[in-house]
Amino acid sequence: MAMEYEPIKPYADDLEDSVYTQEKHFSIDIDIIGNAEKIQDDDESKNLNQLAFRISDPNIANKGEESPFIPASNSTNLPLHGQQPPQHRLISLDVFRGLTVVLMILVDDVGGILPAINHSPWNGLTLADYVMPFFLFIVGVSLGLTYKRVSCRVTATRKAILRALKLLILGIFLQGGFFHGLNNLTYGMDIQQMRLMGILQRIAIAYLVAALCEIWLKGDDHVTSQLALLRKYQFQLLAASVLTVIYIFLLYGLYVPTWQYQIPDATSSSAPKTFSLACLFPFHSKVKCGVRGDTGPACNVVGMIDRKILGIQHLYRKPVFERTKQCSINSPDYGPLPSDAPAWCQAPFEPEGLLSSVMAMVTCLVGLQYGHIIVHFKDHADRIRLWLIPSSAFLVLGLALDIFGMHINKALYTFSYMCVTAAAAGFLLAGIYLLVDIYGYQRMTLVLEWMGKHALVIYILAACNLIPIVIQGFYWKQPPNNILSLIGIGR
């Protein structure tokens, strides 16, 4: 991937209420989670006797709307009486991203060895289950800074839609089945069976919804207090509440009928997955449901909606519930099917499905409100306090819901799961902000900061196995004779 980097040096003088995030430009013109949070001093800082400045160019505000996905390629000087405003980076956001990337790589590479940190087979919460909501949360935080000033809402909307489409297409290319993985030096996808949803697709959808809310659903109130902050963004809070109600109503209210799916023939060359114990079930397996409000692997509404709209052939073919006790004798790890395994054990299921992505949007909107705190409150203590209060409330609410039956479930992205993971993200952001931006422990986080600035590139190269696939393409006489096989990778 060609990459051009244009460094912009921070100004020597730092103000506490100025936030500047270094910009860079990739030829791919997409970034995953917010490397372009270039923002200017808020007008409210006048009340604190800080410097304020005007934007002389009416197009500059749109240049600041470079979204969490597309960094701006050129720097912009915003003069005040011929002087440049002092600016500095909010390092904690980059470190948060970098730590999330490290967590993603850790659970991908070590999760197979230590199932305890791998995704929970169904209900419950493990280390791997924090990765997706952390990404979504920091997208929201970044949007609060990116769209601080919007000079033309129509133009900003058009740019946001284009950026989301780019990320959506990239996600389909990387996770739709084009690359066949290790031990298979072929590529290409059958459009009839390609996976339509995935991690990048979910981030693109959540980003677009949060961006549109930030562009269109905020008031003109002058924020001088917490109550004024709520009034300014009351319609965004209403949107998050409506999405939550819709999700809960559909999850527990829709009827799930009995359904069936076809187990691919092991001899079929077009089958994307070979079922080792397909003889346990008939060629067409029937899953008996006929229920409402079921949140188990077989008869939940999330899976039903994906099967109806996306089509079962476009869903993920190695779902986490294959590691449940009903489906694996090595649970919580993958393993052979038990002799009495239920019919649904080999059914496809999309972990980044349509209905579950509704709650992913809410996570992004929650992060957006945390970003607003950075924009409107300049005192360190105020920021940390206003982050910790909702985080504590989310944690208590999520745990209470889990106790009373709305289980924490990543595959379904339940409301309780959203609450607990959003709370964890808020606590983590406050902790990193305290250590890095207040106490100045920046040298020890340089690697994480760098990884946070290049999150998309690292994701593509590491999480999508592109580096191993490329290395494996060079072999001696026979494909198995490659460097990776010599060191025990991809066997």
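The values are calculated or read from the model by the stated rules, or taken from the named source; none is laboratory data. Predicted model only: the values in this text are computed from it and were never measured. Glycine also receives a Cβ, built like all others from the backbone with ideal geometry; neighbour counts cover every protein chain displayed. Heads up: the accessible areas ignore ligands, DNA and RNA and are worked out on the full protein's heavy atoms, side chains in. Shrake-Rupley method; radii C 1.70, N 1.55, O 1.52, S 1.80 Å.
Whenever you get a sec, line up Tyr316, Tyr441, Tyr130, Tyr233 from highest to lowest accessible area (probe 1.4 Å, protein heavy atoms).
Most to least solvent-accessible, the answer reads Tyr441, Tyr316, Tyr130, Tyr233.
Extension gain, His380 to Ile248, is 43.9 nm, computed as 0.36 nm per intervening residue step minus the present C-alpha separation. Rolling a 1.4 Å probe over the heavy atoms of the protein chains gives the stretch 287-355 an accessible area of 40 Å² per residue.
Our estimate of slack between Tyr475 and His222, defined as 0.36 nm per intervening residue step minus the Cα-Cα distance, is 84.7 nm. Computed over neighbours whose Cβ is under 12 Å from that of Leu310, the net charge equals 0, Lys and Arg +1, Asp and Glu -1. Counting 0.36 nm for each residue step from Ile309 to Ile483 and taking away their Cα separation leaves a gain of 58.4 nm. Ligands, DNA and RNA left out, the accessible area of the stretch 302-379 computed with a 1.4 Å probe is 57% carbon and sulfur. Electrostatic tally near Met444: other residues with Cβ closer than 14 Å to its Cβ, Lys and Arg +1, Asp and Glu -1, net -2.
Once the Cβ-Cβ distance of Asp294 and Asn330 is raised to the sixth power relative to R0 = 22 Å, the FRET efficiency obtained is 0.25.
Ordering His314, His407 by how much accessible area each has at a 1.4 Å probe, largest first, what is the list?
His407, His314
Proximity of backbone amide H atoms, modeled 1.01 Å from N, is registered between Asn123 and no other residue at under 5 Å, excluding neighbours fewer than 5 places apart on the same chain. The accessible surface of the stretch 381-420, taken with every protein chain in place and a 1.4 Å probe, is 80 percent carbon and sulfur. In terms of its C-alpha gyration tensor, the stretch 297-423 has a prolate overall shape, because the principal axis ratio a/c (a ≥ b ≥ c, square roots of the eigenvalues) is not below 1.5 and a/b outweighs b/c. Here the simple spin-label model places points 7 Å from the Cα toward Cβ, and for Val457 and Met189 these points are separated by 2.4 nm. Over all other residues within a Cβ to Cβ distance under 9 Å of His119, the charged ones net out to +1, with Lys and Arg as +1 and Asp and Glu as -1.
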